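Novice: Sharing a structure below in structure tokens format, with a few things to ask.
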Amino acid sequence: MNEDLKKKAAELRQALHRHNYLYYVLDEPEVSDAEYDRLMRELTALETAHPELVEPDSPTQRVGAPPLEKFETVAHTIPMLSLENAFDEEEVLAFDQRVRRFLKADEKILYTAEPKMDGVAVELVYENGLLRQASTRGDGYTGELITLNIRTIKTVPLALVNTPLAPVPSRLEVRGEVFIPLTAFKQLNKGRLDQGEAPFANPRNATAGSLRQLDSRITAKRPLDIFCYGVGRVTGLEFASHWKMLEALRALRFPVNPHIKPQAGIEEILIYYKKLLDRRHEFSYEMDGMVIKVDNLALQKKLGEKSRSPRWALAYKFPPTQETTRVLKIDVQVGRTGALTPVALLEPVSVGGVTVSRATLHNEDEIKRKDIRAGDTVLIQRAGDVIPEVVKAITTKRTGTERVFHMPATCPVCGSRVLRLEGEAAARCVNANCPAQVKERIKHFASKGAFDIDGLGDKLVGQLVDKGLLRSYADLFFLDKASVAGLDRMAEKSARNLMDAIARSKQISLGRFFYALGIRHVGEHIAHVLARRFKSLDALMSATAEALMAIDEIGPRVSESVRAFLENPENQRNIRRMLEAGVMPKTEEAVANQALAGMTFVLTGALESMTRPEAKARIETLGGKVSASVSRKTTCVLAGRGPGSKLDKARQLGLRILNEAQFIEIVS
Ligand code: D41
């Protein structure tokens, strides 16, 4: 009996490992997500009922485990060497010369070249096919034991299976680079900003930070991935070349970068470098160069190593995305929550092909720590699509005229008091009606994940607030076309488009609506969690702190923030006014059920079963629009008793005409 269960668990584990590999590494799933979930649930149920069946290599063990006190350190059986760097072709050709001279070789040497991932180097140790330990590179000799964290990476095999190309070795030490793909990195940072947490400066820092978590349940939530590029000690598996070794790793289901250039002479490798450099922005991850390796392992052995790096490998680095420039001025920006962010205005400089003229300095402490002054020559860097940042001041270039930065005691926009609460990195303007805050709140309100109002750009929001036409986002729904059309560089047509976009945005899902409000600590994700739990605005408005805290992902910080926001009379008034203006937050399902989306109705004459405003509301609930006059853009004319000239016009244009009974049939 127990043997049967054991066998069943083993089968499920094996199937899940395979599907996991097909899905995450090869991106070629064979079964649906639902089928995968079903297998996973079956295994989880089995393991819950019989905990003795849980093996460390079970796919259920990727979710993380309770926190460690600290990381143990472990010695690498074979040191993890570092790489010598080259920065131009000349240095690469000199490397090839050196290799040939050392080997006394006349004919050309074959190299394998691979993208150099900009991540964190790690070592994974497998014993009899099971992942036993994983560690960081550390100083090359000893690293930190991060097995639980590495286990959470979906593409890391937990158990190896025999293949004709590579039988499972009794011991295998695999080396690779852990990284976070760029889109996932952007999302991660966006989430952190929404939660009021500091964003990571670049994907590598985010990767290092994620691997350094003592609580692997946090690591499990980070979008880590890995490419394997080498081995340490291996028992029970042999290969003649670096390329063959990579193929064996691939056969054992390790993720190996598909862009590796196998076995080519140095000229071809240089051509490959140019291609890689040209196309580096098309890749979904950051690379900082290319690694060139002598392919033949016997030759590698002959070449050996000098001090800390092998003689058979070379890192040909990409030109840096760091540059030096001068800080012209340190400005202070006021954000949506009033947070004051110091920003360095720079002498424009091209960094990795993009002109940079401003860089964030994060906050007061950061400037103090780095001692960055107006007038300083500084090193700046751009990582992926992240806002450029100032790395450090080059103090040797100081002339004595540089000015130390002080956070202003009053808001640079509205002059109100600035307050920095204990334990917070940000100083904040205390005036909730500060025009800078109002503008940022409205921009957030109209942004893609929120009301998604097309055509309401930064400049326009600026003008509308400065002219006193908007004091809060609720005012958007009370704008009149004439005053919008009266703004600078606002044509009649753009004004109409904006008014239409605002009207369309009134049909909104609850999740987007909650997100749009700009409640502190309520990012897109939490907003949708709230929407799914409460299903209506009323239900959320009357939710108690206990009801909020009862939700899995919501703690005291979010709960308090939501309560404080909804109890604020000003916020209550704004919400009420939006509802009065016809803003209709509803569940996702209801929004999806928009039978009249894209249709424009014109009403004429009196209706029997409802008033005209009621008919209008019905149409809008179903995603349709109501317009006052008939044009070619009109989809349907609803004609009641005693219709006016609109009906004649509709007939002339050959539009569809509905009577009340037909209309009722459609809308119900
Ligand atoms: O992609 C990389 N970051 C990468 C790093 C790579 N593709 N190959 C590498 N090969 C080596 C040797 C040749 C020493 C085995 C490496 C590294 N080392 C490396 N990563 C961090 C320090 C050294």
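Novice: Charged (D, E, K, R), farther than 19 Å from Ala121 by Cβ and surrounded by 22 or more Cβ atoms within 10 Å (Cβ to Cβ): is that true of Arg253 in this structure?
Specialist: Here the answer is yes, as Arg253 does meet what is asked.
Novice: Okay, moving on. Suppose the filter is touching a strand residue (DSSP E or B) at 6+ places or on another chain (Cβ under 7 Å), open to solvent by 20 Å² or more (accessible area, probe 1.4 Å) and within 11 Å of the ligand (Cβ to nearest atom); does Arg311 pass it?
Specialist: Yes.
Novice: Right, another one. Within region 115-130, is there a residue that is more than 16 Å from the ligand (Cβ to nearest atom), at pLDDT below 95 and open to solvent by less than 10 Å² (accessible area, probe 1.4 Å)?
Specialist: Yes, region 115-130 has at least one match.
Novice: Same structure, new question: If you check Leu145, Leu165, Leu130, which single one turns out to be touching a Pro at 6+ places or on another chain (Cβ under 9 Å) and not basic (Lys, Arg)?
Specialist: Answer to the check: Leu130.
Novice: Please determine, by comparing only the residues of region 136-192 that are within 16 Å of the ligand (Cβ to nearest atom), open to solvent by less than 30 Å² (accessible area, probe 1.4 Å) and over 26 Å from the mean Cα position of the chain (by Cα), which one is nearest to Val122 (Cα to Cα).
Specialist: So the residue we want is Arg175.
Novice: Right, next: Among (1) without any contact (Cβ under 8 Å) to a residue 40 or more places away in the chain; (2) farther than 25 Å from Asn20 by Cβ, there is one condition Gln187 misses while meeting the rest; what is its number?
Specialist: That leaves (2) as the condition not met.
Novice: To continue, here is another question. When you check Pro67 against the structure, is it touching a residue at least 40 places away in the same chain (Cβ under 8 Å) and touching a strand residue (DSSP E or B) at 6+ places or on another chain (Cβ under 9 Å), yes or no?
Specialist: Working: touching a residue at least 40 places away in the same chain (Cβ under 8 Å): yes; touching a strand residue (DSSP E or B) at 6+ places or on another chain (Cβ under 9 Å): no.
Spelling it out, it is not the case that Pro67 is touching a residue at least 40 places away in the same chain (Cβ under 8 Å) and touching a strand residue (DSSP E or B) at 6+ places or on another chain (Cβ under 9 Å).
Novice: Against the condition in contact (Cβ under 8 Å) with a residue 60 or more places away in the chain and within 30 Å of the chain's Cα centre (by Cα), how does Met584 come out, does it pass?
Specialist: So Met584 fits the description; yes.
Novice: Another question, if that's okay. Checking the conditions here, which among Ser668, Ser645 is without any contact (Cβ under 8 Å) to a residue 40 or more places away in the chain, of a type in the set (Gly, Ala, Ser), touching a strand residue (DSSP E or B) at 6+ places or on another chain (Cβ under 9 Å) and open to solvent by 80 Å² or more (accessible area, probe 1.4 Å)?
Specialist: Every option except Ser645 fails the conditions.
For every residue, the table says whether it meets (1) touching a residue at least 12 places away in the same chain (Cβ under 8 Å); (2) over 19 Å from Glu197 (Cα atoms); (3) surrounded by fewer than 16 Cβ atoms within 10 Å (Cβ to Cβ).
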{"position": "Arg512", "(1), (2), (3)": "yes, yes, no"}
{"position": "Ala550", "(1), (2), (3)": "no, yes, yes"}
{"position": "Arg557", "(1), (2), (3)": "yes, no, yes"}
{"position": "Ser561", "(1), (2), (3)": "yes, no, no"}
{"position": "Pro569", "(1), (2), (3)": "no, yes, yes"}
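Novice: May I ask you to say which residue of Phe239, Phe227 is in a loop (DSSP other than H, G, I, E, B) and within 22 Å of Ile78 (Cα to Cα)?
Specialist: Phe239 is the lone residue from the list that is in a loop (DSSP other than H, G, I, E, B) and within 22 Å of Ile78 (Cα to Cα).
Novice: Pull out all pairs, ordered by first then second residue, where Cβ-Cβ is under 8 Å, the residues are six or more apart or on different chains, the first lies in region 432-455 and is farther than 17 Å from Phe514 by Cβ, and the second is of a type in the set (Lys, Arg) and open to solvent by 20 Å² or more (accessible area, probe 1.4 Å).
Specialist: Matching pairs, first to second residue: Asn433/Arg471; Gln437/Arg336; Val438/Arg471; Glu440/Arg336; Lys443/Arg336.
Novice: Still on this structure, I have one more. Could you list, in sequence order, the residues of region 281-306 that are in contact with a strand residue (DSSP E or B) (Cβ under 6 Å, 6 or more places away or on another chain) and either at pLDDT below 95 or small (Gly, Ala, Ser) (or both)?
Specialist: Tyr285, Met287, Asp288, Gly289
Novice: A further question on this structure: Under the condition of being open to solvent by less than 70 Å² (accessible area, probe 1.4 Å) and assigned to a loop (DSSP other than H, G, I, E, B), which residue from region 80-94 is farthest from the ligand (Cβ to nearest atom)?
Specialist: Among those that are open to solvent by less than 70 Å² (accessible area, probe 1.4 Å) and assigned to a loop (DSSP other than H, G, I, E, B), it is Asp88.
Novice: Given the criterion of a type in the set (Ser, Thr, Tyr) and under 23 Å from Met287 (Cα atoms), identify the matching residue among Thr77, Thr73, Thr112.
Specialist: Of Thr77, Thr73, Thr112, the one residue that is of a type in the set (Ser, Thr, Tyr) and under 23 Å from Met287 (Cα atoms) is Thr112.
Novice: Can you pull out every residue in region 271-285 that is within 15 Å of the ligand (Cβ to nearest atom) and either open to solvent by less than 40 Å² (accessible area, probe 1.4 Å) or free of Cβ contacts under 8 Å to residues at least 24 places away in the same chain (or both)?
Specialist: Hits for region 271-285 are Tyr272, Tyr273, Leu276, Phe283, Tyr285.
Novice: Look at region 488-508 and say how many of its residues are over 23 Å from Thr587 (Cβ atoms) and open to solvent by 40 Å² or more (accessible area, probe 1.4 Å).
Specialist: Qualifying residue count for the region: 10.
Novice: Restricting region 263-311 to residues that are closer than 19 Å to Glu177 by Cα and among the hydrophobic types (A, V, I, L, M, F, W, C), which is farthest from the chain's Cα centre (by Cα)?
Specialist: Going through the qualifying residues, I end up with Ile292.
Novice: Let me ask you something else. Give the residues of region 31-57 that are free of Cβ contacts under 8 Å to residues at least 24 places away in the same chain and of a type in the set (Asp, Glu), sorted by residue number. Before the answer, list the steps.
Specialist: Here is the first cut: in region 31-57, the residues free of Cβ contacts under 8 Å to residues at least 24 places away in the same chain are 31-38, 41, 44-45, 48-49, 51-52, 54.
Asp33, Glu35, Asp37, Glu52 - these are the residues of region 31-57 that are free of Cβ contacts under 8 Å to residues at least 24 places away in the same chain and of a type in the set (Asp, Glu).
The values are calculated or read from the model by the stated rules, or taken from the named source; none is laboratory data. What you see is a predicted model, and the numbers here were worked out from it, not measured in a lab. As a convention, Cβ positions derive from the backbone with ideal geometry for all residues, glycine included, and neighbour counts pool all protein chains shown. Areas reflect the complete protein model, heavy atoms only, side chains present, ligands, DNA and RNA absent. Shrake-Rupley method; radii C 1.70, N 1.55, O 1.52, S 1.80 Å.
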